[in-house]
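We did not get these values from a lab; they are worked out from the coordinates using the rules stated. Please read all numbers here as calculations on a predicted model, not as lab measurements. Here Cβ is always computed from backbone atoms with ideal geometry, including for glycine, and neighbour counts include all displayed protein chains.
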Amino acid sequence: MITNPRQLTLLSVVQTQGSVTVEQLADTLGVTLQTVRRDVQRLAEEGLLARFHGGVRLPNSTTENIAHQQRKSLHADGKSRIALSVAAAVPNDCSLMLNLGTTTEAIARALLRHTGLRVITNNLNVASTLSTNQACEVIVVGGVVRGRDQGIVGEAAVDFIRQFKVDIALIGISGIEEDGSLRDYDYREVKVSQSIISHAREVWLAADVSKFRRPAMVEVARLSQIDRLFTDAPAPEPFPALLAEAQVRLTVAVA
């Protein structure tokens with residue numbers, strides 16, 4: 001797991017810009033080219049960056065996500081701000097569904113002071129966090145547990161969710177593409193997320209700015225199926241127009 005603050009900042013810069021030269025990284029971070037090259041080599045070995053002549057970019061894989069422990073560190077500040085913004089909008093005494101992802105896990109932590117919540121989740125990390133709140137009820141979806149991130153997936157999970165209709169679905173996503181599609185990597189996870197979206201009166205998407213233009217293999221939904229989007233920075237082009245056309249209410253969680 002990457003814990004070096006400079007390397008985490010480097011990753012954040014590349015995620016925001018998509019690709020960047022080594023010289024630009026050295027100027028932004030205030031370090032030598034040698035230091036940047038050493039950091040880039042470490043991050044490339046971890047599969048978090050792809051190198052090209054003179055610079056780095058995000059890996060282009062549409063089939064495999066970054067490891068869960070690595071994702072917990074990436075954009076941690078932005079995810080925290082998003083989580084606080086979402087929690088401020090969630091009323092007490094309502095029903096929620098939360099899907100997989102490090103952003104929904106941050107939201108769970110931000111909901112610990114709420115009362116009267118009934119939460120359904122296929123994320124054991126979310127369930128573990130919210131179960132410490134004695135003023136909330138947590139219902140865990142049945143199905144197959146993925147060891148790498150404590151997510152519950154599969155047809156049994158989909159069937160379980162079909163029993164319910166909640167006030168708000170709070171969902172994370174791996175990527176938002178320029179065609180207005182929301183995308184993820186594991187089709188089994190996607191089936192559960194689609195069921196969550198279908199069984200909620202409102203759908204709130206929580207996604208940090210690095211998710212814009214990030215490719216992934218499987219379509220989860222369209223922006224037109226989302227009621228609110230919470231992010232941590234202004235959406236890049238062409239997404240403002242796409243969000244307006246889809247009538248998605250945008251909330252940018254400022255520092």
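Averaged over residues, the count of other Cβ atoms within 10 Å places the peptides 169-175, 76-82 in the sequence 169-175, 76-82, highest first. Per residue, the convex hull around the alpha carbon atoms of region 5-60 comes to 66 Å³. Placing a pseudo-label 7 Å from each Cα along the Cα-to-Cβ vector at Asn92 and Thr9 gives an inter-label distance of 4.1 nm.
Farthest toward the positive end of the dipole of region 70-252, out of Gly116, Val220, Gly172, is the Cα of Gly116, where the dipole comes from beta carbon charges about the Cα centre. Sorted on the mean count of surrounding Cβ atoms within 10 Å across their residues, most packed first, peptides 210-220, 12-22 read 210-220, 12-22. Other residues with beta-carbon under 15 Å from the beta-carbon of Val22 carry, at +1 per Lys or Arg and -1 per Asp or Glu, a net charge of +3. Here is what passes the span test in the chain: the DSSP H helices with alpha carbon length of 15 Å or more along the helix axis and a Kyte-Doolittle mean of 0.0 or above are 5-17, 76-89. Charged side chains reduced to their Cβ positions (Lys and Arg at +1, Asp and Glu at -1) give region 5-60 a dipole of some 80 debye around its Cα centre.
For region 80-174, how big is Rg over Rh, using alpha carbon atoms and the Kirkwood form of Rh?
Rg divided by Rh gives 0.94.
Note: relative contact order over the chain, using C-alpha pairs below 8 Å and six or more positions apart, is 16 percent. Along the axis of the charge dipole computed for the chain (Cβ charges of +1 for Lys and Arg, -1 for Asp and Glu, origin at the Cα centre), the listed residues Ala127, Ser19, Trp204 are led at the positive end by Ala127. Projected onto its three principal axes, the C-alpha set of region 135-244 covers 40, 28, 23 Å, listed from the longest axis down. Within 9 Å, Cβ to Cβ, of Asn4, how many net charges do the neighbouring residues add up to if Lys/Arg are +1 and Asp/Glu are -1? Result for the local shell: +1.
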